[in-house]
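Since the structure comes first, as structure tokens, the remarks are kept for the end.
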Amino acid sequence: MVSESRETEDKERGEGSLSTFIVLLKGGEWAPRNPLYREGRCLNLDMYNRNIPYTRDMNKMSTVDVHIAKRTKKFPDEPLTNLHSFIDLELLHGCLDALNKKGAAGVDGQSWTDYNEQRDERVPQLLEQFKSGRYCAPAIRRTYIPKGDGKQRPLGLPTVEDKVLQTAVTKVLTPIYEQMFYPASHGFRPGKSQHQALEVLFKEVSFTGKYYIIDADMANYFGSIDHGMLREFLDQRIKDGVIRKMIDKWLKAGVLEDGLISYPDEGTPQGGVISPLLSNIYLHYVLDDWFIQAIQPRLKAASQLIRFADDFLLLFASKEDAERVMKVLPKRLGKYGLTLHPEKTKLVEVTGRDGTGGQTFDFLGFTHYMGKSRKGHSILKRKTSKKKLKASLQRTNEWIRNNRHKAVVHLIKELNRKLQGHYGYYGITFNGRSLLHYHHKVRRLLFKWMNRRGGKSSMSWDRFQRTILKHHPLKQPRIVHSYL
């Protein structure tokens, strides 16, 4: 599961999950992410879209993806052409079905339901315009969501039609680049997750002694991607003129904000369906390939890269190696228009002389620190970061305040869904105390706002427990992910 903040971002940009498009089946084949597929296996579920006449044949989709992957493997050092032929009516209809039906509208103000009512006419037109090169990428509507630290994160909201086409192009390109990306890259990839990145981090620090960590933070990464450099990277694998022309149009599409349209010279808007793939391609060449192929062979001791989207850590068993890389890293990123945040980027030594007491660092919503296992071994532990915990409680407080008028049974039922989502992400080994703290704070918030329901007399804490929580209990914290 994803954290509440991730869910909020997905809803804003109109997508269902972090890996909306493709999952890896047990047979090694590729298949679309939709309700028929869950956790790497096919479920024989009843069709949830019986009223929709267009349902892409799942076996055909898998065959197409495998065919693209085989072509990529056959020509590993050559750019591929004629990829746009894989985009047909069935694929576009399937991509439309995969979109979040409640996603926010783009500049045209059209919802998924509105577009779906015209799909018989609009989808064939979209396909013809795409293949003829006459499709014009509409401007992106920019909105902002809270980051949890008082700042706001910009999100671009494409139109429904643009989402359909971006999803289809992403679907075609993903099998190609999945054969190139390194295991160290975890963000926005099929079969990859934050918890897998956290597991690698735990094992590398706890069991291989990589105690020196470069905790890197790039300033405005998505808005700093150099379009010229990105085109050069795409040239190495993609030479399909139709798809490349379409990507150029998306890069040049204007951004609508406060009634004005601007045309940025760099960056990809966060929220675009294809943006995560393009950003992964960029960092694959700028960071991943450079560190693994050029830097690691020159180091004295073991090292490891862990990256989730634009957040990454560099782990070292040697402090000397860490200091050397710390000096060259800003120069490498600067060569491609990227900058490290001077205050947030630091070299961390996570262990002291006794195996504990070192420095802490935050990564993927957790504060990581060295501690002792039950057997007395030094291991990396984690807890919910103060910033994320505070942000979660603020959102929960706001939600309860705005929904306190609902019947108790419905209020707590919906609140339990939010608790389940929080536990699903933060329910990780060694984080039990933070979960209990969160649960306790939510109970107090519920008590507070239940006593502020209009026309109701105040109740004591004991009465609240006897009359409310006893009959409508809140979900108890639990550890969902264990790496031991």
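The values are calculated or read from the model by the stated rules, or taken from the named source; none is laboratory data. Computed from a predicted model, the values in this text were never measured in an experiment. Methodologically, a virtual Cβ is constructed for each residue, glycine included, from the backbone with ideal geometry; neighbour enumeration extends over all protein chains shown. What goes into the accessible areas is simple: the full protein's heavy atoms, side chains included, and nothing from ligands, DNA or RNA. Shrake-Rupley method; radii C 1.70, N 1.55, O 1.52, S 1.80 Å.
Screening the range 236-262 for residues that are open to solvent by 60 Å² or more (accessible area, probe 1.4 Å) and in a helix (DSSP H, G or I) and picking the one that is farthest from residue 108 (Cα to Cα) gives 245.
Of the residues that sit in the range 441-459 and are open to solvent by less than 60 Å² (accessible area, probe 1.4 Å) and assigned to a loop (DSSP other than H, G, I, E, B), which one is farthest from residue 405 (Cα to Cα)? It comes out as 459. Number of residues in the range 216-226 that are outside any loop (DSSP other than H, G, I, E, B) and open to solvent by 50 Å² or more (accessible area, probe 1.4 Å) equals 1. One residue alone among 470, 418 is surrounded by fewer than 17 Cβ atoms within 10 Å (Cβ to Cβ) and out of contact with any strand residue (DSSP E or B) (no Cβ under 8 Å at 6 or more places or on another chain), and that residue is 470. For the range 49-81, filtered to residues that are open to solvent by 90 Å² or more (accessible area, probe 1.4 Å) and modelled with pLDDT under 50, the residue that is farthest from residue 179 (Cα to Cα) is 51. So which residues in the range 368-379 are at pLDDT below 95, of a type outside the set (Val, Ile, Thr), open to solvent by less than 40 Å² (accessible area, probe 1.4 Å) and part of a strand (DSSP E or B), if there are any at all? Scanning the range 368-379 gives 370, 371, 378. The number of residues in the range 194-208 that are open to solvent by 20 Å² or more (accessible area, probe 1.4 Å) and either farther than 21 Å from residue 276 by Cβ or out of contact with any strand residue (DSSP E or B) (no Cβ under 7 Å at 6 or more places or on another chain) (or both) comes to 6.
Sort out which residues of the range 382-395 are buried (at least 20 other Cβ atoms within 10 Å of the Cβ) and charged (D, E, K, R), and write them in order of number.
Once the filter is applied, which keeps residues that are buried (at least 20 other Cβ atoms within 10 Å of the Cβ) and charged (D, E, K, R), the range 382-395 yields 382, 383, 388.
Given the criteria crowded, with 19+ Cβ neighbours inside 10 Å and touching a helix residue (DSSP H, G or I) at 6+ places or on another chain (Cβ under 9 Å), does residue 333 qualify? So residue 333 fits the description; yes.
Residue-by-condition table, conditions (1) within 19 Å of residue 181 (Cα to Cα); (2) part of a strand (DSSP E or B):
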site	(1), (2)
206	no, no
214	no, yes
228	no, no
233	yes, no
287	yes, no
300	no, no
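Tell me whether the range 174-197 contains one or more residues that are among the aliphatic types (A, V, I, L, M) and more than 30 Å from residue 368 (Cβ to Cβ). Within the range 174-197, one or more residues are among the aliphatic types (A, V, I, L, M) and more than 30 Å from residue 368 (Cβ to Cβ). Screening residue 301 on (1) at pLDDT 95 or above; (2) surrounded by 22 or more Cβ atoms within 10 Å (Cβ to Cβ) shows it passes everything except condition (2).
Okay, residues lined up against (1) of a type in the set (Lys, Arg); (2) touching a Phe, Trp or Tyr at 6+ places or on another chain (Cβ under 9 Å):
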residue	(1), (2)
189	yes, yes
232	no, yes
265	no, no
268	no, yes
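Only one of 321, 362 is acidic (Asp, Glu) and assigned to a helix (DSSP H, G or I); which? 321 is the lone residue from the list that is acidic (Asp, Glu) and assigned to a helix (DSSP H, G or I). Taking the criterion of being of a type in the set (Lys, Arg) and either buried (at least 17 other Cβ atoms within 10 Å of the Cβ) or part of a loop (DSSP other than H, G, I, E, B) (or both), the residues of the range 396-415 that qualify are 404, 406. If only residues of the range 117-172 that are of a type in the set (Val, Ile, Thr) and assigned to a helix (DSSP H, G or I) are counted, the one that is surrounded by the most Cβ atoms within 10 Å (Cβ to Cβ) is 164. What do you reckon, is residue 89 touching a strand residue (DSSP E or B) at 6+ places or on another chain (Cβ under 8 Å), surrounded by fewer than 19 Cβ atoms within 10 Å (Cβ to Cβ) and at pLDDT 90 or above? Spelling it out, it is not the case that residue 89 is touching a strand residue (DSSP E or B) at 6+ places or on another chain (Cβ under 8 Å), surrounded by fewer than 19 Cβ atoms within 10 Å (Cβ to Cβ) and at pLDDT 90 or above. In the condition set (1) touching a helix residue (DSSP H, G or I) at 6+ places or on another chain (Cβ under 8 Å); (2) open to solvent by 10 Å² or more (accessible area, probe 1.4 Å); (3) of a type in the set (Gly, Ala, Ser); (4) under 30 Å from residue 70 (Cα atoms), residue 191 is compliant with all but (1). Filtering the range 429-440 to residues that are in a loop (DSSP other than H, G, I, E, B) and either of a type in the set (A, V, I, L, M, F, W, C) or touching a Lys or Arg at 6+ places or on another chain (Cβ under 6 Å) (or both) leaves 430, 431.
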